[in-house]
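Peer 1: What follows is a single structure, and I will ask about it in a moment.
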Protein chains: 2
Amino acid sequence: MHQLRITPSLSSPSTDLYIGRGLLKSPLLKNSCSHLSGKLVIVAEPLVRNLYAQELAKNLNAALVSIPNGEAAKSLQTQQYLLDELFKMGADRDTTLIALGGGVTTDLVGFAASVYLRGIALIFIPTTLLGMVDAAIGGKTAINTAFGKNLLGTIYPPKAIFADLDTLQTLHEKEWFNGLAEILKMGLIRDPSIWESAQKNKKDPDLILKAIQGKIQIVEQDPLELSLRRILNFGHTVGHALEAVSGYEMPHGQAVALGCCAEGYLSVQLGHLLPREFEKILEMYEDFQLTLPPSYTRAGFLQALSHDKKNSSGNIRFVLIDKIGHAMTFDGIYCRSVSPDQLQSTLDWMEARYS
Amino acid sequence: MHQLRITPSLSSPSTDLYIGRGLLKSPLLKNSCSHLSGKLVIVAEPLVRNLYAQELAKNLNAALVSIPNGEAAKSLQTQQYLLDELFKMGADRDTTLIALGGGVTTDLVGFAASVYLRGIALIFIPTTLLGMVDAAIGGKTAINTAFGKNLLGTIYPPKAIFADLDTLQTLHEKEWFNGLAEILKMGLIRDPSIWESAQKNKKDPDLILKAIQGKIQIVEQDPLELSLRRILNFGHTVGHALEAVSGYEMPHGQAVALGCCAEGYLSVQLGHLLPREFEKILEMYEDFQLTLPPSYTRAGFLQALSHDKKNSSGNIRFVLIDKIGHAMTFDGIYCRSVSPDQLQSTLDWMEARYS
């Protein structure tokens, strides 16, 4: 088992992170929870409830609240339902919320924990690759709105994260690719060794730890996303807009993978990335079998882009890379706006390749 | 004009606070806003819109969003309306929200600013005595739910507060008493000189500055309400429950004033406060003409108390005083639970006196 600690440079308290096998059934988890004075409430979607949550609730003597599954659950409606359930069971400030599941669950439960009575304790137990390498780390919580993805939320780190690698054994192949997209993105923006390992074996378990360590380093330097942390958005400007256009039917990892290709193309077009580096990128994503969502239209896509959180004074801004393993900085801002022509020709390329 | 700075000991960024006459029309406010790079959005309720907001919006070249007036506006519905308006006008992360109005407006707008795109810049311009001495200071944001008052929210301090004393000239007598209740509470828990001044003249302008300074000192020591800050809750355990029972018809100041008397009685009953000190307290509140709300029932009141944010492991906890000007500490926790008998006999007293 690996034990890490995330200590952001300012503001937020630190998070203890445990990664290893058998954590869900370990005395470590049970002991950590038995030190907490108040009520424990596990929140999970139906599949995770059956696989792990019921047993864990019994084991920890915790209450259990079910939420719907899928990206659509990351809504104000589900958040309100969860908060109401907490009020009804009389959860007070000593209560600890345990989010057990994928990124949807940790994002939603984290947001609820951050506003319930102005903030209660929070533990994450991610059960998907995407959750472990990305969503659970860094304190971002979120829900989606009609205007786009992750548009409401807070920065509210959990007290602890228990990433039990055994839970990945029940993951579908599709879910694995979902998480792999974030691992590869970390390779593109930060750590060329991730990219090299993935070229040899996309299921190399070291990839998980490397991606987590990469994210921790970035988040510790810039917890509030004022500068460096923006690079984590590579592939996500296009990716989030694709998800929105698909009505959140498109899996996050597929959208991010397609987004990395499109934003890689943009990096080439702006003269930052060499075409032969870009060819390697396209090759890596070949077995993702990327396609645009059936509901894609350029007008809808541009509308969704207009709500991107990086936008400034009406300009859409992109993170760009100048080689595999390095995101660019633009006077410390780490993203830049592009001309309408440059954007249009990237969309021409994207539509031609992925329709 | 007085200029103060609120610098919490941990976590949150500092707030610049300006108190004086003519601030709304001053170059200071205009210059401060002209340094901001993005869009400005003023949020106000209809009365404040007519009195100040329209003129200020023109002056600052800001957009203006109206919200309903009264405590009922501190709801999830109004918050969602406000957030939707921001999305519709394309407000991005460079946008600054300016809350212009009383405590309802600053609490609600503060909460919206803290979750919109995970947090945008915020300025408070309180126009009521209650807003200036209490709601605007300390970074607490909130909305009410069906389960009680201020049960959802965040800790999210504004960048700046402009308290223009001229706006108090349009205040009704009732609104003045509303703010005075929080000033007197500060006198009871912390600063006996406030109490002495108020005994001579309840409209002494020095009371405002003293109350603000008292709150700043407490908030700087304990921004997240882990210990000392709890003493600000004196009078509010009973007060919030009265407001909830009244369907938020009872003004906050009236509820807090009645709450201070009831919790003063409890302090006497537990042997902490001398009866003759308590007599002075009752005397001070005589011209508040306190009465329980028409919809008061003991069952409803106890139900509302059960959602108090200080509750721990099912116990209702109260802040207590041992003399005028001093709240008690109980092993650093600053509040304690009382027996059902002690609570019942305080309610007997309260019902007999204020029905």
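The values are calculated or read from the model by the stated rules, or taken from the named source; none is laboratory data. Worth saying up front: this structure is predicted, and the values here are computed from it rather than measured. Here the Cβ positions follow ideal geometry from the backbone for every residue, glycine too, while neighbour counts run over all protein chains shown. When the accessible area is computed, the model is the full protein with side chains, heavy atoms only, and any ligands, DNA or RNA have been set aside. Shrake-Rupley method; radii C 1.70, N 1.55, O 1.52, S 1.80 Å.
Peer 1: Would you please report the Å³ per residue occupied by the convex hull of the alpha carbon atoms in chain B? Could the numbers behind the result be given before it?
Peer 2: Details: hull volume 44.6 nm³, N = 355.
Per-residue hull volume (Cα only) is 125 Å³.
Peer 1: Suppose R0 equals 30 Å; then what is the FRET efficiency for A:Lys58 and A:Lys174 from their Cβ-Cβ distance, rounded to the nearest 0.05?
Peer 2: Numbers: r = 30 Å, r/R0 = 1.01.
It comes to 0.50.
Peer 1: Also, quick follow-up: Given R₀ = 41 Å, what would the calculated FRET efficiency be for B:Leu302 paired with B:Asp94, taking r from the Cβ atoms and rounding to 0.05? Each step should come with its number before you reach the end.
Peer 2: On the way: r = 48 Å, r/R0 = 1.16.
The pair B:Leu302/B:Asp94 has a calculated efficiency of 0.30.
Peer 1: Mind scanning A:Lys74/A:Lys203; A:Lys185/A:Lys210; A:Lys185/A:Lys309; A:Lys215/B:Lys309 and naming the pairs with a C-alpha gap bigger than 23 Å?
Peer 2: Details: A:Lys74/A:Lys203 29 Å; A:Lys185/A:Lys210 12 Å; A:Lys185/A:Lys309 19 Å; A:Lys215/B:Lys309 35 Å.
As for pairs spanning more than 23 Å Cα to Cα, those are A:Lys74/A:Lys203; A:Lys215/B:Lys309.
Peer 1: To the nearest 10 degrees, how steep is helix B:173-189 against the longest Cα principal axis of chain B, on a 0 to 90 scale?
Peer 2: That helix lies at roughly 60 degrees to the long axis.
Peer 1: Hey, how many Å between the Cα centroid of the range A:284-321 and the Cα centroid of the range B:204-268?
Peer 2: 49
Peer 1: Could you work out which residue, out of A:Ala299, A:Ala142, A:Ala99, moves most in a Gaussian network model of chain A, that is, has the largest mean-square fluctuation with Cα springs under 10 Å?
Peer 2: Result for chain A, Cα springs under 10 Å: A:Ala299 fluctuates most.
Peer 1: Taking only the alpha-carbon atoms of the range A:60-128, what semi-axes of the equivalent ellipsoid follow from 5 times the gyration tensor eigenvalues under a square root, in whole Å, largest first?
Peer 2: On the way: eigenvalues 62, 38, 24 Å².
Result for the range A:60-128: semi-axes of 18, 14, 11 Å.
Peer 1: Decide, for the range A:256-342, between rounded, prolate and oblate: order the square roots of the alpha carbon gyration tensor eigenvalues as a ≥ b ≥ c, take rounded if a/c falls under 1.5, and otherwise choose prolate if a/b is larger than b/c, else oblate.
Peer 2: The shape class here is oblate.
Peer 1: Tell me which chymotrypsin sites (Phe, Trp or Tyr not before Pro) from the range B:266-308 have a DSSP coil assignment and no more than 11 other beta carbons within 10 Å of their own.
Peer 2: On the way: sites: B:Phe278, B:Tyr285, B:Phe288, B:Tyr296, B:Phe301; in loops: B:Tyr285, B:Tyr296.
Sites meeting the loop and neighbour criteria: none at all.
Peer 1: Would you grab the residues whose amide H sits under 5 Å from the one on A:His307? Only those 5+ places off in sequence or on another chain, please, with H modelled 1.01 Å from N.
Peer 2: none
Peer 1: Positive end of the dipole of the range A:1-126, charges at C-beta (+1 Lys, Arg; -1 Asp, Glu), about the Cα centre: which of A:Ile123, A:Gln3, A:Ile42 has its Cα farthest in that direction?
Peer 2: So the residue we want is A:Gln3.
Peer 1: If you roll a 1.4 Å probe over the heavy atoms of the protein chains, what accessible area per residue do you get for the range B:8-71, in Å²? Walk me through the numbers on the way to the answer.
Peer 2: Details: 3270 Å² over 64 residues.
Value returned for the range B:8-71: 51 Å² of accessible area per residue.
Peer 1: What are the ³J(HN,Hα) values, in whole Hz, obtained from phi via the Karplus relation 6.51 cos²θ - 1.76 cosθ + 1.60 with θ = phi - 60°, for each residue of the range A:325-331 in sequence order, with x given for Gly and Pro?
Peer 2: x, 8, 8, 8, 10, 10, 6
Peer 1: Can you tell me which of B:His307, B:His236, B:His172 moves the most in a GNM of chain B? Springs connect C-alpha atoms under 10 Å apart.
Peer 2: The residue that fluctuates most here is B:His172.
Peer 1: Give me a comma-separated list of calculated 3J(HN,Hα) values for the range B:236-245, in order, Karplus coefficients 6.51, -1.76, 1.60 applied at θ = phi - 60°, integers in Hz, x for any Gly or Pro.
Peer 2: Result, ordered by residue: 8, 5, 5, x, 4, 5, 5, 4, 4, 4 Hz.
Peer 1: Something else: What distance in nm separates the two pseudo spin-label positions at B:Gln344 and A:Gln199, each 7 Å out from Cα along the beta-carbon direction?
Peer 2: 7.9
Peer 1: Report, as a whole number in µm² per second, the diffusion coefficient that Stokes-Einstein gives for the range A:170-327 at 25 °C and 0.890 mPa s using the Kirkwood radius over alpha carbon pairs.
Peer 2: Values: Rh = 15.9 Å.
Answer from the Stokes-Einstein relation: 154 µm²/s.
Peer 1: Only Cα pairs within less than 10 Å get springs; with that Gaussian network setup on chain B, which residue of B:Gln217, B:Gln289, B:Gln54 has the largest fluctuation?
Peer 2: Sorting by GNM fluctuation, first place goes to B:Gln289.
Peer 1: Assigning unit charges at the beta carbon (Lys, Arg +1; Asp, Glu -1) and nothing else, what dipole magnitude in debye, to the nearest 20, does chain A show about its Cα centre?
Peer 2: Values: 33 positive and 36 negative charges, 146 e Å.
Once rounded to the nearest 20, the dipole reads 700 debye.
Peer 1: For chain A, take the longest principal axis of its alpha carbons; what is the angle in degrees between that and the long axis of helix A:76-88, to the nearest 10 within 0 to 90?
Peer 2: 10
Peer 1: So what is the relative contact order for chain B, in percent, with contacts set as C-alpha pairs under 8 Å and at least six apart?
Peer 2: Details: 668 pairs, mean separation 52.1, N = 355.
15 percent.
Peer 1: Quick one: work out Rg over Rh on the C-alpha atoms of the range A:205-273, Rh as Kirkwood radius. Present the calculation step by step, with values, prior to reporting the outcome.
Peer 2: Numbers: Rg = 13.8 Å, Rh = 13.4 Å.
Taking Rh as the inverse mean 1/r over Cα pairs, Rg/Rh reads 1.03.
Peer 1: Separate question: For chain A, what does the helix formula give at 222 nm: sum of -39500 (n - 2.57) over DSSP H segments with n ≥ 4, over the residue count, nearest 500 deg cm²/dmol?
Peer 2: On the way: 12 runs with 144 residues, N = 355.
Rounded to the nearest 500, it is -12500 deg cm²/dmol.
Peer 1: Taking just the alpha-carbon atoms of the range A:276-315, what radius of gyration and Dmax come out, in angstrom?
Peer 2: Spelled out, the Cα radius of gyration and Dmax of the range A:276-315 are 14.6, 38 Å.
Peer 1: Just how many % of Cα pairs in the protein assembly as shown lie over 35 Å apart, if you round to the nearest whole percent?
Peer 2: Details: 117138 of 251695 pairs.
I get 47 percent for the Cα pairs in the protein assembly as shown exceeding 35 Å.
Peer 1: Within the range B:295-355, which trypsin sites (Lys or Arg not before Pro) sit in a loop by DSSP and count at most 11 neighbouring Cβ atoms inside 10 Å? Let's see the in-between values first.
Peer 2: Numbers: sites: B:Arg298, B:Lys309, B:Lys310, B:Arg317, B:Lys323, B:Arg336, B:Arg353; in loops: B:Lys309, B:Lys310.
Within the range B:295-355, no trypsin sites (Lys or Arg not before Pro) qualify (loop, at most 11 other Cβ atoms within 10 Å).
Peer 1: Find the Cα radius of gyration of the range B:302-355, compare it with 2.2 N^0.38 Å by division, and give the number to two decimals. Display every interim value, and only then the final one.
Peer 2: Details: Rg = 12.5 Å, N = 54, 2.2 N^0.38 = 10.0 Å.
Dividing the Cα Rg of the range B:302-355 by 2.2 N^0.38 Å gives 1.25.
Peer 1: Follow-up. I need two numbers for the range B:24-151: Rg to one decimal and Dmax as a whole number, Cα atoms only, in Å.
Peer 2: Values for the range B:24-151 (Cα only, Rg and Dmax): 13.6, 44 Å.
Peer 1: Here's a follow-up. Can you give the angle from 0 to 90° between the axis of helix A:275-284 and the longest principal axis of chain A, with both taken from C-alpha atoms, to the nearest 10?
Peer 2: Once rounded, the angle reads 40 degrees.
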